[in-house]
Amino acid sequence: MAVTSTDSPTPGGRADLLRACRDAAIAGLVTLGMMLPLIGFRTVQNINNELVLETRPGLLLTMILIVVAGSLVISLVIRPWRQRKAAAHVAGESVQRAHVRATIAKYLTPFAIGFVLVYPILSIVFAGWQGSVKWVDNFGIQVLIYVMLGWGLNIVVGLAGLLDLGYVAFYAVGAYSYALLAKEFGLSFWILLPLAGCLSAFWGILLGFPVLRLRGDYLAIVTLAFGEIIRLVLINWVSFTNGYAGISGIPRPTFFGIPFNANDDGFAAVFGLEFTPMYRTLFLYYVIVGLALLTAFVTLRLRKLPVGRAWEALREDEIACRSLGVNTTNTKLTAFAMGAMFAGFAGSFFAARQGFISPESFTFMESAMIVAIVVLGGMGSMIGVAIAAVAMIGGTEIMRDMDFLKQIFGNSFDPTQYRMLLFGLAMVLIMIWKPRGLISTREPSTFLKERKTVAASFVKEGRG
Amino acid sequence: MSSDAILRVEHLTMRFGGLVAVHDLSFTAKKGEITALIGPNGAGKTTVFNCITGFYKPSEGRVALRHGDSAQWDQLESLTASSLRSRMHGDGALFLLERMPDYLVTQKARVARTFQNIRLFRGMTVLENLLVAQHNSLMVASGFTLFGVLGLPNYARAEHAAVDKAAMWLEKINLTDRADDPAGDLPYGAQRRLEIARAMCTDPVLLCLDEPAAGLNPRESAELNDLLLSIKNEIKTSVLLIEHDMSVVMQISDHVIVLDYGTKISDGTRDQVRNDPKVIAAYLGVDEDEVAKAEAEVGL
Ligand SMILES: Nc1ncnc2c1ncn2[C@@H]1O[C@H](COP(=O)(O)OP(=O)(O)OP(=O)(O)O)[C@@H](O)[C@H]1O
Ligand SMILES: [Mg+2]
């Protein structure tokens, strides 16, 4: 009786093979149908300026073979491998992996903060004073602005579970608040920073009121519209915002009153240093580091306070929240206000750093980018959001100068043009591999005996 | 007669469009008692709960609750005539629940509830579930977040007390070992008990339970009886209970109200209700005459 099961090829195996071949054949046929008109034929001009039809059977065949091979690999290699992995997962192998992951998580935060602090020094050492401007400014500051925006939106989407697609509106409010107030009244950066935060928070509450009753997709649509409204107002209220032309000549931040310029009362002269624009960049870098750390600190604190717990409870079950006496209106409004406030900080920093702002900087694409960072990072996880911001913003920035790709794809290849394509591809891959984001587990806010992370499958996703 | 009532429901009617889910229902729940609300499926029991706890606004009728001594009821008519939701009087107060939004019913009037289909915060730990229930007192202690962010010690003390209270309830419902596990990971019976403990953490004077024994096995059901009796006897919280499981209703309730098609068909002690032909008819789905005939045949 035992013989039958060992000797003959298992019927399951043969069926799998047959199915794999059938799938591959179908995929090949579909490719043929689709690619035949697209790749199979081409019109070219001959010497007499006439159009002639050229057939390209070789290229077509290559395409089809690639698809067939891919399909076979998926059904014969990847799928069984995933099934085996799933089986092993059930068997409890994951406990050890969870332990390793916890250890990494423990040391990751101090390491990351340390690295962020010494990063400019490292870049000066490796790239020199001239070369490091790009690394600190375009890369470091840019990434940190998005880390901060991601963390701010994380309060609204990740913790409170309210999907906000118009987050960039608050970023814009912060930026324009700083720009207009600094130009009109000559107030300093450090006064305007909290003021811009308050104004943004106010607008957050203003948006919060009408959308209190909305959930999920409806909430997303209304917040998206809100973002567009703010942008359109910025474009059309020309007398106030200068419309498309934007606002230029925004006062740059000073080092507690000492400007960063080449004059005698400038930063370099006062401290007896040789003038270089790098000092301002360094100063701005450490300001945004400070702001981002403030965001992280406040968010972590809030998570352990009743408001933070109420946000998460709201994400989990709003009706149960109300049955426990939680005022869900206030809870939602504080989430919107907190998120908007951090966007306002980031916005006024952005305006101070650029010296020029226009509505172009606050398009829906920016909101989408920030939401993508939060989703990819794993909603609710601060480390995940930071990693996602580094990967997405840093990744796209790095792709701007990947000239080595020219050597592979030929000189006509312009890597910057493929930035968005690669970016989209990476996002699709991550969503297949980790549909709930890079770090999808949840850290409990407190514990009785032992801190255990909550598995992703229990945690609700922020869908409003 | 109903002066020892804690809750008075009077002429409550709830319509959903053309459907009358509850029709002209009046009953009282006495202080310190377990009052059971029973009836066949779709009788309108959950709707009554939703009206009491502010989730629905009743089409008609009055739902009044008192804190403190029974002299509070003297205020009822004058409070109803005013446009107020509640009135403090001496060391008690009177609340008109139908005028209050759902969260205030819990926060101010101290009526807590559970749900027929369990509503826990599944992604939060068991302990966190019990802490969310103490939101309002912790919110005050954290100076509405301000002191909390600054990390002042009096918030830390309040949080400590809240955790202690949660631990006390975990002990009571036998879930101390699972305190740090996600609530969604608990077995069904434990989830039911946790939901009751969570409601109790809001310090209610009236606890409304919507079918707490649904889906429990006989042993769990017996444990539930003990838990409810201890809530009644030790913590002295009045309980309003919707239940299908007659072994629960008949063992622990002091007073039973029977609903059918949104109207009250019987009201009395468990023995009175048990022998009421109308109730038997409603539950068996036959006419009263037939019940009487059948009873005569078996010699009841
Ligand atoms: N929000 C609503 N909208 C419309 N009809 C409703 C609503 N809530 C309840 N009903 C209707 O009211 C009637 C009573 O429902 P209810 O849920 O109160 O019954 P129940 O006694 O709790 O029944 P069960 O024992 O099945 O829980 C039902 O016919 C139901 O369909
Ligand atoms: Mg019901």
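The values are calculated or read from the model by the stated rules, or taken from the named source; none is laboratory data. On a predicted model such as this, the values are computed, not experimentally measured, just so you know. Quick reminder, even Gly has a Cβ in these numbers, built from the backbone with ideal geometry, and neighbours come from all protein chains shown.
Can you report the number of residues in region B:9-32 which are aromatic (Phe, Trp, Tyr) and away from ligand 1 (no atom under 16 Å from the Cβ)?
0
Identify, from the list B:Thr106, B:Thr46, the residue that is among the polar types (S, T, N, Q), within 16 Å of ligand 1 (Cβ to nearest atom) and touching a residue at least 12 places away in the same chain (Cβ under 8 Å).
B:Thr46
Report, by residue number, each residue of region A:174-192 that is within 18 Å of A:Ser239 (Cβ to Cβ), within 27 Å of the chain's Cα centre (by Cα) and not hydroxyl-bearing (Ser, Thr, Tyr).
Residue satisfying the conditions is A:Ala179 alone.
From the list B:Pro101, B:Pro58, exactly one residue is at negative phi, out of contact with any Ser or Thr (no Cβ under 7 Å at 6 or more places or on another chain) and either within 14 Å of another protein chain (Cβ to nearest Cβ) or not polar (S, T, N, Q) (or both). Which is it?
B:Pro101
Starting from residues that are within 16 Å of ligand 1 (Cβ to nearest atom) and buried (at least 18 other Cβ atoms within 10 Å of the Cβ), keep the ones in region B:196-215 and report whichever is nearest to the chain's Cα centre (by Cα).
Once the filter is applied, the top-ranked residue is B:Cys208.
Would you please name the residue that is nearest to B:Gly32 (Cα to Cα), looking only at residues in region B:178-191 that are of a type outside the set (Gly, Ala, Ser), within 11 Å of chain A (Cβ to nearest Cβ) and in a helix (DSSP H, G or I)?
Once the filter is applied, the top-ranked residue is B:Arg178.
Considering only region A:282-303, I want to know if a residue exists there that is part of a helix (DSSP H, G or I) and either outside the structural domain of A:Ser361 (by TED's automatic domain parsing) or over 28 Å from A:Gly339 (Cβ atoms) (or both).
Scanning region A:282-303 turns up at least one residue that is part of a helix (DSSP H, G or I) and either outside the structural domain of A:Ser361 (by TED's automatic domain parsing) or over 28 Å from A:Gly339 (Cβ atoms) (or both).
Give the residue that is nearest to A:Ala245 (Cα to Cα), with candidates limited to residues of region A:316-356 that are among the charged types (D, E, K, R) and more than 8 Å from chain B (Cβ to nearest Cβ).
The selected residue is A:Arg353.
Looking at (1) within 28 Å of A:Glu318 (Cα to Cα); (2) out of contact with any Phe, Trp or Tyr (no Cβ under 8 Å at 6 or more places or on another chain), find the lone condition where A:Lys183 falls short.
(1)
Taking only pairs six or more apart or across chains, which ones have beta-carbon atoms under 8 Å, a first residue in region A:198-221 that is more than 11 Å from A:Met338 (Cα to Cα) and in the same structural domain as A:Phe345 (by TED's automatic domain parsing), and a second residue that is part of a helix (DSSP H, G or I) and modelled with pLDDT under 85?
These pairs meet every condition: A:Leu219/A:Val211.
Can you name the condition, by its number, that B:Asp177 falls short on among (1) closer than 30 Å to A:Lys304 by Cβ; (2) within 16 Å of ligand 1 (Cβ to nearest atom)?
That leaves (2) as the condition not met.
Out of all the residues in region A:107-115, is one or more exposed (fewer than 10 other Cβ atoms within 10 Å of the Cβ), modelled with pLDDT of 80 or more and part of a helix (DSSP H, G or I)?
yes
For B:Pro58, all conditions in the list (1) buried (at least 22 other Cβ atoms within 10 Å of the Cβ); (2) away from ligand 1 (no atom under 15 Å from the Cβ) hold save one; what is the number of the exception?
(2)
Just give me the residues in region A:360-370 being of a type in the set (A, V, I, L, M) and buried (at least 24 other Cβ atoms within 10 Å of the Cβ), in sequence order.
Matches in region A:360-370: A:Ile370 only.
Taking region B:192-212 on its own, how many of its residues are within 16 Å of ligand 2 (Cβ to nearest atom), outside any loop (DSSP other than H, G, I, E, B) and touching a helix residue (DSSP H, G or I) at 6+ places or on another chain (Cβ under 8 Å)?
4
Can you tell me which residue among A:Val143, A:Val168, A:Val156, A:Val211 is modelled with pLDDT under 90 and surrounded by 20 or more Cβ atoms within 10 Å (Cβ to Cβ)?
A:Val211
Working only within region B:115-145, note down all residues that are at the interface with chain A (Cβ under 7 Å from one of its Cβ atoms) and either of a type in the set (Gly, Ala, Ser) or assigned to a helix (DSSP H, G or I) (or both).
Matches in region B:115-145: B:Gly123, B:Leu127, B:Glu128, B:Leu131, B:Val132, B:Ala133, B:His135, B:Asn136, B:Leu138, B:Met139, B:Ser142.
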